[in-house]
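Structure first, then comments.
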Amino acid sequence: MPATPPGTPCHYVTVTAPGQEIAGYLWADPADVGWTDRRASSVRAYREGEAWARRAREAHERGLTPLGVLHLLSREPGVGPVVAAPDREVVEELARMVTPDDDRRLLARLAPRDSGAWRELAEAFDALTDEDRDVKWGGGHQLPSGATHVAFPLYSKPLQRAVSALSGVGAVTPEHRWAGVPMPVPPREGQMLEPADAVRAATAIVRGERFCDGHIAESVKNGLFDAVAVCLRAWHASGRTAVPADAAPPTSEGPASDATACEATAVPATTAQVPAPSRPRRTPPPPAPVCRFCGGSPAADVTFRAHQALLVVMRFRKTAGPMCLTCGLAVYRTLTTYTLWQGWWSPFSLFLFAPFALVRNVLAVRHVRKLAAPGPGTSGPRYDPGVPVRRRPLAYVGLVPALWVVGMIVYGLAG
Ligand SMILES: [Zn+2]
């Protein structure tokens with residue numbers, strides 16, 4: 001991550017993975033281009049994001065400006081328009097977004113309702129005593145060699161059984177990337193976790209223990225461990241089954257029935273939980289188009305064509321996309337002159353393809369000529385429009401076949 005001062009304006013594009021899930025955001029500030037993945041996204045979307053990050057990096061290393069990279073990639077399927085933001089914190093804020101689909105995806109990985117794992121979860125937690133919950137620590141003493149034995153928690157067998165039971169019901173899942181978000185906090189007195197947040201907490205507790213001894217002991221002490229089990233058992237008892245996120249309708253607003261299942265116990269379900277709260281998705285306003293060559297604006301979306309015909313060989317060229325006045329005129333003049341010079345030398349081309357290209361170009365350039373002079377470019381060199389077509393000698397090659405056709409007609413009439 002580059003050391004850009006806070007408050008530096010930036011641009012970003014929203015990248016959507018297959019299945020309409022927002023994978024993350026490609027951003028560009030004046031110095032660099034980078035990728036911020038959405039913390040609650042699926043593993044699949046996360047992997048997609050790595051590929052986008054790599055592409056952005058490579059494009060930047062090839063010499064494109066950071067903003068030029070965004071404009072280039074924004075033409076790809078699944079990538080939204082380029083949006084300006086006051087600073088990178090806006091992107092970070094978006095990346096913390098948690099959607100109802102994210103919740104549904106976690107719940108869909110829980111064991112089926114009739115699985116014995118749910119009974120095991122209930123029995124394992126019911127069997128826990130105060131002694132089991134009062135975790136003692138071993139180690140910490142001086143060894144004969146002089147070294148200090150590292151301290152470690154002594155989990156009782158019943159507590160270990162309860163931990164295993166959480167995994168058994170599927171509440172410990174790779175779909176929650178726990179390391180990227182703050183450690184969950186226990187719900188307040190009289191409140192209950194959201195079911196999806198219970199899965200997030202279970203994952204963070206159990207997987208976190210592998211990296212740092214004492215995660216489980218801490219969660220048992222502060223009540224989070226039991227709160228997870230209470231919520232999961234209530235969710236299971238309510239009889240709801242989660243619709244897999246992939247099969248759910250692509251709505252992103254409004255309450256998700258499964259995500260609020262624990263409210264069946266008439267306890268307010270809001271907690272100060274793991275990541276930022278769910279918010280409706282923001283739809284960024286569509287930005288004005290910018291020139292595909294220089295990044296300047298205003299720009300018009302146009303297509304210019306060229307045709308080449310050499311007896312039996314024919315070539316069709318097309319250059320399309322938003323273009324500013326300067327770049328648009330340059331492309332128009334180049335491709336039109338090329339067609340007037342090389343477009344005539346086969347019968348089909350003479351009567352069909354070359355006139356077609358020329359007429360389409362004249363229609364397209366009218367859109368470009370209406371534009372004001374472009375502002376400063378951001379993504380590359382601006383083309384030199386050069387002199388008008390009528391002042392380019394090669395354009396008059398087109399008169400040869402035209403005169404020849406006229407001559408043949410006159411000859412035919414006279415004959
Ligand atoms: Zn341009």
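The values are calculated or read from the model by the stated rules, or taken from the named source; none is laboratory data. Predicted, not measured: the structure shown is a model, and the values here were computed from it. As a convention, Cβ positions derive from the backbone with ideal geometry for all residues, glycine included, and neighbour counts pool all protein chains shown. Quick note on the areas: whole protein, heavy atoms, side chains included, nothing else; ligands and nucleic acids left out. Shrake-Rupley method; radii C 1.70, N 1.55, O 1.52, S 1.80 Å.
Shown for the chain: the carbon plus sulfur share of the solvent-accessible area, taken with all protein chains present and a 1.4 angstrom probe, equals 60%.
Taking θ as phi - 60° and the Karplus parameters 6.51, -1.76 and 1.60, the scalar couplings of the stretch 348-353 work out to 4, 5, 4, 9, 10, 6 Hz in sequence order, x denoting glycine and proline.
Accessible surface calculations at 1.4 Å, restricted to protein heavy atoms, place the stretch 10-97 at 42 Å² per residue. Amide H to amide H, with H built 1.01 Å from N, GLY170 comes under 5 Å of ALA111, counting only residues 5 or more places away or on other chains.
Computed with a 1.4 Å probe on the full set of protein chains, the accessible area for LYS136 sits at about 110 Å².
Taking the Cα atoms only, what angle lies between the long axis of helix 43-61 and the longest principal axis of the chain, rounded to 10 degrees? Taking the Cα atoms of the chain, the angle to 43-61 is about 40 degrees. Largest accessible area first, the listed residues TYR383, TYR411, TYR338 line up as TYR411, TYR383, TYR338 when surface is computed with a 1.4 Å probe on the assembled protein chains.
Straight-line reach from LYS136: taking Cα to Cα under 12 Å and skipping same-chain neighbours fewer than 8 places apart, the aspartates and glutamates in range are GLU218.
Would you mind checking the tilt of helix 325-342 against the longest principal axis of the Cα atoms of the chain, expressed as 0 to 90 degrees and rounded to 10? Helix 325-342 sits roughly 50 degrees off the main axis of the chain.
To the nearest 0.05, how large is the calculated FRET efficiency for VAL406 and ALA51 if R₀ is 60 Å and r is the Cβ-Cβ distance?
After rounding to 0.05, the efficiency reads 0.55.
Taking all protein chains as they are arranged and a probe of 1.4 Å, the heavy atoms of ARG39 leave approximately 60 Å² accessible to solvent. In order along the stretch 204-218, phi translates into HN-Hα couplings of 5, 5, 6, 6, x, 4, 5, 9, 8, 4, x, 4, 5, 4, 5 Hz, rounded to whole numbers, per the Karplus curve 6.51 cos²θ - 1.76 cosθ + 1.60 with θ = phi - 60° and x for Gly and Pro. The angle between the Cα long axis of helix 354-369 and the longest principal axis of the Cα atoms of the chain comes to about 60 degrees, rounded to the nearest 10. Going by accessible surface with a 1.4 Å probe and the largest first, ASP132, ASP114 read ASP114, ASP132.
With r as the distance between the Cβ atoms of LEU143 and GLN191 and R0 = 45 Å, compute the FRET efficiency 1/(1 + (r/R0)^6) and round to 0.05.
It comes to 0.50.
Taking all protein chains as shown and a probe of 1.4 angstrom, GLU123 keeps an accessible surface of around 90 Å².
Protein heavy-atom accessible surface, 1.4 Å probe, per residue over the stretch 300-414: 59 Å². Basic side chains Lys and Arg get +1 at the Cβ, acidic Asp and Glu get -1 at the Cβ, and with that the dipole of the chain about its Cα centre reaches some 2820 debye.
Computed from the alpha carbon atoms alone, the convex hull of the stretch 300-414 holds 110 Å³ per residue. Residues PHE351, PHE152 ordered from highest to lowest accessible area at a 1.4 Å probe: PHE351, PHE152. A full extension of the chain between VAL150 and ALA31 corresponds to an added length of 38.3 nm, given 0.36 nm per residue minus the alpha carbon distance.
Once you keep just the Cα pairs under 8 angstrom separated by 6 or more residues, what percentage relative contact order results for the chain?
On the way: 745 pairs, mean separation 58.2, N = 415.
Dividing the mean separation by the residue count of the chain yields 14 percent.
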